[in-house]
1. Spot the failing condition for ILE84; the list is (1) within 19 Å of MET5 (Cα to Cα); (2) in a helix (DSSP H, G or I), and only one is missed.
2. Keeping to the range 153-181, report how many residues are surrounded by 15 or more Cβ atoms within 10 Å (Cβ to Cβ) and either at pLDDT below 90 or closer than 20 Å to THR122 by Cα (or both).
3. For the range 116-151, what are the residues that are closer than 24 Å to LYS27 by Cα, surrounded by fewer than 17 Cβ atoms within 10 Å (Cβ to Cβ) and touching a residue at least 40 places away in the same chain (Cβ under 8 Å)?
4. Could you list, in sequence order, all residues of the range 106-140 that are touching an Asp or Glu at 6+ places or on another chain (Cβ under 9 Å), farther than 14 Å from GLU180 by Cα and modelled with pLDDT of 70 or more?
5. Go through the range 1-43 and count every residue that is within 30 Å of ARG85 (Cα to Cα) and not polar (S, T, N, Q).
6. Tell me which residues, restricted to the range 31-44, are touching a helix residue (DSSP H, G or I) at 6+ places or on another chain (Cβ under 9 Å) and either of a type in the set (Phe, Trp, Tyr) or surrounded by fewer than 21 Cβ atoms within 10 Å (Cβ to Cβ) (or both).
7. Take LYS173 and decide whether it is closer than 26 Å to SER33 by Cα, assigned to a helix (DSSP H, G or I) and not polar (S, T, N, Q).
Amino acid sequence: MEDSMILEMFFRRQETAIAETRRKYGKRLFRTSMNILHSNEDAEECVNDTLFKAWEAIPPSRPTMFGAYLVKIARNLSINKWEIRSAAKRGGGEVNLLLSELEECLPSAGGPEQEHEAALVTGAINTFLDNIDKTARVAFVLRYFHGESIRAISDRFQMSESKIKSILFRARKKLRTHLEKEGVVI
């Protein structure tokens, strides 16, 4: 079913919109959450919460890229759940690794007064991603947005893990340079 049809179902408040969304995007949402949480139960809970949040937000919101909209919700919910879960044990993990890899090329988080700057950073990152080669862009998004492991990305591209690490390292370095040129304080 087309996204526009699913969105119309949301706007008409038809509960079948949730079932259609789960059918079309459920596996992708689960995989995104699973990459962060490494727990079937927690990932499934995040998928359910994502569908609920979409139900609450649509209408009035009408996302232009429905799949990306849902993945962003699932990713944020998963990171929040991971932070809550890890607050008690403070162990290492994949999310710590992902965030530490990006730490040196992104500005630190701030309060609500920096919301405008966050929008500018998002725009600058999108511009950066539009201007790098497809392999680097897909690897970057898989790693830092979907939380895929280096091994999974290397399997997908049929490249060595060291090659993927090198591609990601160069992409992060270029991102930092791009953001500095855009006036983003890192």
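1. Result: ILE84 fails condition (1) only.
2. 8
3. Result: PHE145, SER149.
4. ARG137, ALA139
5. The number of residues fulfilling the criteria is 19.
6. Here is the first cut: in the range 31-44, the ones touching a helix residue (DSSP H, G or I) at 6+ places or on another chain (Cβ under 9 Å) are 31-40, 42-44.
Those that are touching a helix residue (DSSP H, G or I) at 6+ places or on another chain (Cβ under 9 Å) and either of a type in the set (Phe, Trp, Tyr) or surrounded by fewer than 21 Cβ atoms within 10 Å (Cβ to Cβ) (or both): ARG31, MET34, HIS38, SER39, ASN40, ASP42, GLU44.
7. no
Results for (1) part of a helix (DSSP H, G or I); (2) of a type in the set (D, E, K, R); (3) in contact with a strand residue (DSSP E or B) (Cβ under 9 Å, 6 or more places away or on another chain); (4) crowded, with 19+ Cβ neighbours inside 10 Å, shown as yes or no for each residue.
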site	(1), (2), (3), (4)
ILE18	yes, no, no, no
LEU29	yes, no, no, yes
CYS46	yes, no, no, yes
PHE52	yes, no, no, no
PRO59	no, no, no, no
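The values are calculated or read from the model by the stated rules, or taken from the named source; none is laboratory data. Since we're looking at a predicted model, the values are computed, not measured. Cβ sites come from the backbone with ideal geometry, for glycine too, and all protein chains shown count toward neighbours.
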